[in-house]
Amino acid sequence: MLKTRICASVVCLNGVAVQTRGFTFFQEVGRPSLSVSYFDRWGADEIFLLDITPSDHSQLPDFKLLRDCACQTLSPLAFGGRIQHVDHAIQAISLGADKVVINTAAVSNPDLIVKIANKLGSQSVIASVDVIAGESRFEVYDWRDSKSTGLPVAEHLQRCEALGAGEILIRSVEKDGSLEGFDLELVNEATEATSLPLVVSGGVGRPSNIAGLIDQFNVSGVCIGNRLNHVEHCLAVIKSALASRTNIRTETLAVYRDHQLTDQGRLLPLDDDALHELVYERFVKEVI
Amino acid sequence: MRCHRCLYPETHPLGISFNQDGICSGCVIHDEKNEIDWAEKWNDLQTLVAHYRSASGRNYDCIVPVSGARDSFFIVHTVKNLLQLNPLCVTYNTHFNTTTGARNLARLRKVFDVDLITLTVDPHIVKKITRATLRRLGSVQWHCIAGQTVFPVQVAARFKIPLIIWGAHQGVDQVGMFSHYDEVEMTRRYRHEHDLMGLEPEDLLCDFDQLSESDVESLLYPEDELLAQVGVRGIYLNNFLRWDSKSQHEEMIRLFGFESAPRKSTFDLYRDIDSWVYNGLHDFFKVVKHGYSSVLDAATRDIRLGHVTRSQALGVVSELTPFECPDAELFLNWIGMTPNGLQFIADQHRNPEFWYQEVDGNWVFKDPLEFDLGSVEKSFAAPKYLLTRPGKSSDPADRFILFGRGVE
């Protein structure tokens, strides 16, 4: 049985890693390469490096950003942002990305997915879908125009699958940065619409958000964004909370084996006696 | 561009963003202070620290990093008297100590009745490190921040005291890097980029600077496995209290005799008065690299808190920002450099965004903080800060103090 991937997203605006809330409020966090380096160290199963810098179609993807980040991690790296041509995808893979993420082009230039899948394989193409709740259904959101495209999500997911995408990264716009948990109705619709591996993003605030999702749906992975910047070793702490409940990878330098967490997912201390045991190294007196 | 409400520029080194009204993320996050239910936050804090109270009394409940200034009195008062915890205070010796700082640190121990551990790194090594950071980063403060941010973590890991209680998170306080609702905690990642300017101690190793592994040993961050084993956590009080540094210091002056001191390049008489270097040389290097100095930080803080208006602050900031290298005789003697040498280093780090060099070699500041005041009448007035009477001690008042008595 495949393990559930606990992934990290590093969203970049003008070369700076940012936190995002509802796709409108951005708070600069720092250098993307440092974020990537630390998330890898903390145990990310995969890292999504997503460049959301607005630009016109003539601009190339930010390969410098990719190059700076790819050398900081040994975890699988997915790169997205302004990929408009199969040559961009080839260049990205040769610079160290394992997969490319296609977002707006999946709507405006669906042939791109076909070409990349033919050239590099379906496993190299992730169709990223931002979703907003329309009047009566979930619709695909265009982040550049900040409005719905009117496309029903289920239809779009099925088209991406038919075009040859290898997996889907799905994100709720309303839940983005909310720390309230995933939009489970959306996940339900997505899992019913496509059989492709699904990575869910948008809204993780505490480990129970992830546990709740994995309990109900067979998703391939979850992607955590803002929350990873709030706490030391965040991914390792979240994984320690999930380890007993689900099949996840726990190889990381910092393993929080014996710690409990609060409901909000914050670390609780070991009890007095356990801490006291750590203070001294005990040598048992040898009795002959 | 500059924030329309405070004075922070878009070039702020921590990273800053602006909304459609030209208000910066720092001000947006500051406004949360008016919405947050602080009584509920205080309860949350009490619940949090209750987990860390040592049931057996065999160990300290938490670690509190302190110094002779910077809200230390307020933090210890909150932790010891209000939260009723038993803290172990730790302090990193910056070597640049003023006699006021030495007296405040001594007084802190007495009035709060706390245990205090100090780390004083070998002066020879500190000087080598500072020469290296001056050369590579244009920073005279680097070793101070490195020590102040790592020593509490080392003590937490070694003595198995998991909770560290800090005052204000600089990213939240200055640029709104995180929301108060995020309750952001201490991370090595933040320290690496924003406190240490991208260079950890390991990255300083260099034959040219004559720095080897043993030289930086005292500033190394504990291993991830050790931090995880102990469960080290650093929390920030400004996520749980309505943080107002000026008012807090004044309460500490009133209740506990905290000493303030006159300053040359800022109107804030409370912060960083324990350091000869911070207001002065460090300010000058900040202007060289970032186009502003700590008086602008103080003005922004006080504008947001309502202690001064933006137009009042403008003139004071223009007047007090050091555009030329101040008298640095004490520092030069300490580190073993000439004034020309220091000027040479400063010139290597001039940010072309703010400075240009004339034909004769003089450096000129591009934007002399000429703000568009519009029709607002120019009324320049600094917020009123209390200057206490200097205490008495046997420490010299005219030089760096390596180890002060703080009392007569």
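Counting Cβ atoms of other protein chains within 10 Å of each Cβ in A:219-232 and taking the mean gives 3. For the protein assembly as shown, the calculated P(r), taken from all Cα-Cα distances in 20 Å bins from zero up to the bin holding the longest distance, is 16, 48, 30, 5, 0 percent. Note on chain B: with a GNM built from Cα contacts shorter than 10 Å, the maximum mean-square fluctuation among B:THR120, B:THR94, B:THR266 falls on B:THR120.
Longest stretch of chain A clear of exposed loop sites (chymotrypsin sites (Phe, Trp or Tyr not before Pro), DSSP loop, at most 14 other Cβ atoms within 10 Å, sites excluded): A:1-279.
Note on chain B: Cα convex hull, mean projected area over all directions, 21.0 nm².
Under the convention that each Lys and Arg Cβ holds +1 and each Asp and Glu Cβ holds -1, the size of the dipole of the protein assembly as shown around its Cα centre is about 1180 debye. Of the trypsin sites (Lys or Arg not before Pro) in segment A:1-70, not one is in a loop by DSSP (not H, G, I, E or B) with at most 12 other beta carbons within 10 Å. May I ask you to list, by number, the DSSP H helices of chain B whose Cα span along the axis is at least 24 Å and whose average Kyte-Doolittle hydropathy reaches -0.5 or more? Correct list, ordered by number: B:142-159.
Projecting label points 7 angstrom from Cα along Cα→Cβ for B:THR118 and B:ARG53 puts them 3.3 nm apart. Projecting the Cα atoms of B:SER139, B:LEU45, B:ALA156 onto the dipole axis of segment B:40-179, where Lys and Arg carry +1 and Asp and Glu carry -1 at the beta carbon, places B:SER139 farthest toward the positive end. Extension gain, A:ILE90-A:VAL114: 0.36 nm per intervening residue step, less the Cα-Cα distance, totals 7.3 nm. The three principal axes of the C-alpha atoms in segment A:19-125 carry coordinate ranges of 36, 31, 22 Å, sorted with the longest axis first.
If the chain linking B:ARG242 and B:GLU32 were pulled fully straight, counting 0.36 nm for each residue of separation and taking away their Cα-Cα distance, it would gain 74.6 nm. The Rg/Rh ratio for segment B:98-197 is 0.99, where Rg is the radius of gyration of the alpha carbons and Rh is the Kirkwood radius.
Which shape class applies to segment B:273-408: rounded if a/c is under 1.5, otherwise prolate when a/b exceeds b/c and oblate if not, where a ≥ b ≥ c are the square roots of the Cα gyration tensor eigenvalues? Taking the square roots of the gyration eigenvalues as a ≥ b ≥ c, segment B:273-408 is oblate.
Readers should treat all values here as calculations from the given coordinates under stated rules, not as data from a laboratory. Everything quoted here is computed from the prediction, not taken from an experiment. When we count neighbours, we look across all protein chains shown, and the Cβ atoms used for this are built from the backbone with ideal geometry, even at glycine.
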